[in-house]
Amino acid sequence: MKINLILQQLLNGISLGGVYALMAVGFGLIFNVLKFSNFSHGGVVAICAYFGYFISQHVYPNFIVTLILTAIVGGFIGVIIEKLIFRPIRLKGAPLTLFLVNSITAAMLVQQFFAVMWGDNYYPYPEFIKETAIHIGEFTVSKIYLLMLSISAFVLLILSYILRKTKIGIAIRAASSDIRTPSLMGINIDFVISTAFFFAGILGGVTGYLLGMAFTVDPFIGSMILKGIIAAIIGGMGSLGGGVVAGLLLGVAESLLIAEIGASLTPIVIYASIILLLLIRPEGISGKGYIVKA
Amino acid sequence: MIEVKGLSVHYGGIVALDNISLSIPDGKIVSIVGANGAGKSTTINAISGMVKIHSGTITENGESLLIPPQDIVKRGIVQVPEGRKIFPTITVQENLILGAYVIKDREKIKKNMEKVFDLFPILKERKNQPGGTLSGGEQQMLSLSRALMSDPRVLVLDEPSLGLAPMFVLEIFKMIEDLNSIGHTILLVEQNAQKALSIADYAYVLETGRIVSEGRGKEVADDPIVKKAYLGIEE
Ligand SMILES: Nc1ncnc2c1ncn2[C@@H]1O[C@H](COP(=O)(O)OP(=O)(O)OP(=O)(O)O)[C@@H](O)[C@H]1O
Ligand SMILES: [Mg+2]
């Protein structure tokens, strides 16, 4: 490969990886607190991809405004999903398997809904950016990808700030190791869980918007979150930072491999490497544990 | 004054508490002693709103305490749970910040943090370490400090001396008396019956979910049955 091509693929990979990172964190936030794999996150992504398309194409074709609106809608969809399908079974003390089943069912419901309603068409976002590439010497950079990268980074930085510096953020992190004890500090655990779903939903909204903008919208866009889930697992379940790193790595590996061995072989190599990696290091990149001393 | 009347708690088919009544007057130290599984933790978890009660009432100055646990904390009744239950993955300082969750005033939170750092200087040294890296004794200090961060009126302590070195056990009991002398009401649950009875204004002995003896701390300590069963002293 020429050095230019490599650099370009690297940047594309990091941009795509940024979106994987968004998905990994959105998925990881809920996993940390409630300990189940929340496939319904894919549903939020899909709904928001359509919603973002709809308002930006038909209501108000402004990139920033519609992105923010979609993010907020994503947050509330997250909250509603929690209230409707997870809270009732949590209050009944249902086993984790039931959470998993509910989350998969919700994702499939969303997918089928869009497949039936709007499945026979592709929906492209408006072209917010007229000129699609920047040329720096021989080096060409896609503007859409740059935009994707900066927005993912921005959103993740804000979330990281909230989780480290605000009371509710610290409470979400505390609830990740113990969901009962926060009540003894006067913390309303239902509110903490709602807030975690709100944040995850915002990430899902941004993910859906960016994916819709970079590609086109179809009913199966939600299944892209499999990549995010893989990133979360490689990153080490429980470590949001690990998920971000793994998301970026996954994006880069994918882009470089596509340039080198082609798009059809790439997934085979990637999935095989992931299985190998987890055999060697089942706790993921940054898996670690602390002991509570009795 | 907190009053528990006719309290029963069932776990599935198990009767953990069977019609117990007790009161915790303001400004006093009240101890509950009893063997493993007697129902001590269940009693204080009922007071903290952490378990569903089967029957009975819990009130403070006539107002029902059968409200969600976070609202009980907001009233100033705060539990230091059995086994410390500090948050292992977040830092010592973040543990303390959560302890002050119900306090909105940032200055007040800072002041309270300074107070607990004065009380336990080691926590200040360790403030940026994850709670899970502290030693058992340090985790107990953190657990107590976390509760103090919210300015509780009533401190409910579940076996604060468990697993501590003898030297530190003495210190913890001394500290409990100090906290009481500056105005905190104390409900103390202990296996270390001798110590718990010696500092108590009033004490209850629990046995398989029933109160079998009660009275002023010294009286209970002198009860022959208690002496034999809990203090290991034969008459
Ligand atoms: N969540 C629960 N589910 C079922 N049974 C429980 C539960 N919690 C406690 N129990 C039972 O209720 C009884 C009282 O338990 P509790 O924890 O109140 O005892 P304790 O006096 O605090 O004991 P220890 O000194 O060992 O801490 C025990 O028989 C215990 O097995
Ligand atoms: Mg107990």
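The values are calculated or read from the model by the stated rules, or taken from the named source; none is laboratory data. From a predicted model like this one, the values you see are computed outputs, not experimental measurements. Neighbour counts run over all protein chains shown; Cβ positions are idealised from the backbone, glycine included. Side chains included, ligands, DNA and RNA excluded: accessible areas come from the protein's heavy atoms. Shrake-Rupley method; radii C 1.70, N 1.55, O 1.52, S 1.80 Å.
Things worth noting here:
- Criterion (open to solvent by 30 Å² or more (accessible area, probe 1.4 Å), within 16 Å of ligand 1 (Cβ to nearest atom), closer than 24 Å to residue A:192 by Cα and not polar (S, T, N, Q)) met by exactly one of B:85, B:108: B:85
- The lone criterion from (1) farther than 29 Å from residue A:15 by Cβ; (2) open to solvent by 30 Å² or more (accessible area, probe 1.4 Å) left unmet by residue A:175 is number (2).
- Counted residues, segment B:10-47 - those being touching a residue at least 60 places away in the same chain (Cβ under 8 Å), in a strand (DSSP E or B) and within 9 Å of ligand 1 (Cβ to nearest atom): 5
- Of the candidates A:212, A:137, A:208, A:204, the single residue that is away from chain B (no Cβ under 14 Å) and in contact with a His (Cβ under 7 Å, 6 or more places away or on another chain) is A:204.
- Among residues of segment A:128-148, those that are free of Cβ contacts under 8 Å to residues at least 12 places away in the same chain and basic (Lys, Arg), counted: 1
- Exactly one residue out of B:53, B:29 is within 30 Å of residue A:174 (Cα to Cα), away from ligand 2 (no atom under 16 Å from the Cβ) and β-branched (Val, Ile, Thr): that is B:53.
Residues checked against (1) out of contact with any helix residue (DSSP H, G or I) (no Cβ under 8 Å at 6 or more places or on another chain); (2) crowded, with 24+ Cβ neighbours inside 10 Å:
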{"position": "A:165", "(1), (2)": "yes, no"}
{"position": "A:184", "(1), (2)": "no, yes"}
{"position": "A:198", "(1), (2)": "no, no"}
{"position": "A:207", "(1), (2)": "no, yes"}
{"position": "A:214", "(1), (2)": "no, no"}
{"position": "A:224", "(1), (2)": "no, no"}
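- Residue ID - farthest from the chain's Cα centre (by Cα), chosen from residues in segment B:148-165 that are more than 16 Å from ligand 1 (Cβ to nearest atom) and not in a loop (DSSP other than H, G, I, E, B): B:148
- Verdict on residue B:162 being within 16 Å of ligand 2 (Cβ to nearest atom) and either closer than 22 Å to residue B:42 by Cα or open to solvent by less than 20 Å² (accessible area, probe 1.4 Å) (or both): yes
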